[in-house]
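Every read-out reported here was derived from the displayed coordinates using simple, explicitly stated rules and does not represent laboratory data. Everything numeric here is computed off the predicted structure, so don't read it as measured data. In this analysis, Cβ positions are derived from the backbone assuming ideal geometry, glycine residues included, and neighbour counts consider all displayed protein chains.
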């Protein structure tokens with residue numbers, strides 16, 4: 001059975017299910033996670049491997065700095081004999097690394113932007129794990145609208161889209177002081193013009209990769 005799935009019929013099983021929420025949040029499956037296996041996926045995978053995944057070691061100092069900050073925070077709570085929510089602390093730790101590597105900024109612990117980013121992450125995770133009638137019973141798409149799922153999905157998508165557009169506009173701003181080290185947004189914007197794609201890359205493709 002394993003050989004049939006992994007080898008004989010590999011092309012039939014290599015794509016993820018075309019689910020409503022994943023399709024919407026990934027800009028019509030334009031990212032690597034939810035895109036079907038095709039020429040577009042192979043080209044984007046090559047671009048990500050060459051230009052993004054190969055830069056992991058360059059961001060090592062960011063990971064080490066955030067680990068040190070997390071340990072210091074836990075130690076301080078221990079010294080003060082205060083309880084600490086490890087789930088929240090690890091969520092914060094992960095998002096800070098994502099923001100510094102991906103966006104080139106470190107949101108303040110009590111800042112509005114950090115709260116906004118955390119809320120969007122939690123909401124997108126909740127939506128992706130929610131049950132969507134039309135994914136399994138296409139004729140019952142009306143139930144998704146009746147239950148409020150589609151409105152919730154559309155609202156989250158628009159908020160994420162606005163968030164990413166603001167980040168991209170900041171990076172495109174010629175008056176902004178440029179960092180010595182490129183973040184992921186910088187790299188994606190650069191290869192959008194420097195790399196020879198077989199298709200015309202758009203800002204939405206960059207947002208999909210960031211998602």
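Overview of results
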| quantity | calculated |
| --- | --- |
| Degrees, to the nearest 10: 39-51 long Cα axis against longest axis of the chain | 20 degrees |
| Rg in Å to one decimal, and Dmax rounded to a whole Å, for segment 93-211 via C-alpha atoms | 17.2, 53 |
| Within the chain, helix-based [θ] at 222 nm, where runs of 4 or more DSSP H residues each add -39,500 (n - 2.57), nearest 500 | -19000 deg cm²/dmol |
| Using alpha-carbon coordinates, inclination of helix 184-194 to the longest axis of the chain, degrees | 50 degrees |
| Order by protection proxy (mean Cβ within 10 Å, highest first), peptides 73-84, 182-193, 144-155 | 182-193, 144-155, 73-84 |
| Rg/Rh (Cα only; Kirkwood hydrodynamic radius) as it applies to segment 106-161 | 1.13 |
| Relative compactness, the chain, computed as alpha-carbon Rg over 2.2 N^0.38 Å | 1.18 |
| Stokes-Einstein D (µm²/s) once Rh is taken as the Kirkwood radius of segment 59-106 over alpha-carbon pairs, at 20 °C in 1.002 mPa s | 190 µm²/s |
